[in-house]
Amino acid sequence: MAPSARRPAPEAETPLPRGSRSGVPPPRLYIYFDAIIRHGSIRSAAESLRIASSALNRRLLDLERDAGTILFDRLPGGVRLTAAGEIFAAHVRRTLSDLKAAGEQIQDMQGRIGGHVAIASAESAAIDVLPQLMVTFQQIYPGTRFTLGIGAPRDILADLLEDRADLILTHEEPEHHDVAVLAIARMPFCALMQPGHPLAGSKQLFLSECLAFPIVLAQEHLAARALVEATLTASSLKMQPVLVTNMFEVMKKYVRLTNSISFQFHLAPFGDVNLDGLVAVPLADPQMAETRLSLAIRRGRVLPASAAAVCEQIQHLLASTAR
């Protein structure tokens, strides 16, 4: 009898990402596609998935055939998403994120809230609002882990839209159809100075009054700098800062050592007028007097139970500023 033809070995099953076994398992093809994006090459993705690169490439070719278009440009050093691939990648990211959230909500129904909460925030909100909230939340739900990223408004928005962040706190109200704003609170824009500064006793100040003293400014991409520049342009004022930096802690340290003035958003109900050894005096210029802090999530996304609970806590905190 002739020996039977050798059959190809079945493709090895890829282990699901750690933690997903207790939740809702994502489609395996989406795991493959996401891995190719993250690693930038089919070979590297295959190694991370512990499957043959030829098998992964076949899966990708099948997907592209079904989609009727090329999803990756093949380059000498790897692959790059095409325009169509970017569209499908956004769908994959959202699906994986929503499945993770569904798994956490199922766990929550069983009395277990915890997991990971990713927040992207303006620095002022990260200082004024979040530390105490995170500590209190973890005391109630010890299994909760936080990631807190600080950035400029455009970077914060990108983190939200690409699901790198579950929620954001930003000074520029997001005007994007995929963003849902949950709460807005007044967050005054203030001049910061030493307690013994000649202007420290003021109830409020105009920017023009501050220009008689050395000025410390944030870098151009930050919301605080954009607000100052807009006010300068509207009033035809000019200034020559003695220090420009992207770190508010450096700004405050410099102001403590000199008679200079810096500027920062300050959520007054969560702190005294004295801010880290400095006096915060609200600015009265029209563009500065009504500054806001917005809490937002991606529209249509089902948040993990822990992130939804954190959102609710932040909403309560922001609502209390209007009382």
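The values are calculated or read from the model by the stated rules, or taken from the named source; none is laboratory data. Model, not experiment: these values are computed from the prediction. Ideal geometry is used to build each Cβ from the backbone, glycine not excepted, and the neighbour counts take in all protein chains shown.
Conditions tested, residue by residue: (1) in contact with a Pro (Cβ under 9 Å, 6 or more places away or on another chain); (2) over 30 Å from V92 (Cα atoms); (3) surrounded by 20 or more Cβ atoms within 10 Å (Cβ to Cβ).
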position: I168; (1), (2), (3): yes, no, yes
position: E175; (1), (2), (3): no, no, no
position: V179; (1), (2), (3): no, no, no
position: A191; (1), (2), (3): yes, yes, yes
position: I215; (1), (2), (3): yes, yes, yes
position: Q219; (1), (2), (3): no, yes, no
position: A226; (1), (2), (3): yes, yes, no
position: L232; (1), (2), (3): no, yes, no
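Give me a count of the residues in the range 247-265 that are within 16 Å of A122 (Cβ to Cβ) and buried (at least 16 other Cβ atoms within 10 Å of the Cβ).
7
Looking at this structure, is V310 part of a helix (DSSP H, G or I) and crowded, with 20+ Cβ neighbours inside 10 Å?
It is true that V310 is part of a helix (DSSP H, G or I) and crowded, with 20+ Cβ neighbours inside 10 Å.
Just the residues that are part of a loop (DSSP other than H, G, I, E, B) and among the basic types (K, R), please, taken from the range 164-198.
Matches in the range 164-198: R164 only.
Which count do you get for residues in the range 199-224 that are within 10 Å of I261 (Cα to Cα) and in a helix (DSSP H, G or I)?
The qualifying residues number 1.
In this structure, does L157 turn out to be surrounded by fewer than 16 Cβ atoms within 10 Å (Cβ to Cβ) and either aromatic (F, W, Y) or modelled with pLDDT of 90 or more (or both)?
So L157 does not fit the description; no.
Look at the range 44-82 and say how many of its residues are crowded, with 17+ Cβ neighbours inside 10 Å and among the charged types (D, E, K, R).
Count: 2.
Would you confirm, using the coordinates I've provided, whether A234 is touching a helix residue (DSSP H, G or I) at 6+ places or on another chain (Cβ under 9 Å), over 30 Å from L161 (Cα atoms), touching a residue at least 12 places away in the same chain (Cβ under 8 Å) and not polar (S, T, N, Q)?
Answer is yes for this residue.
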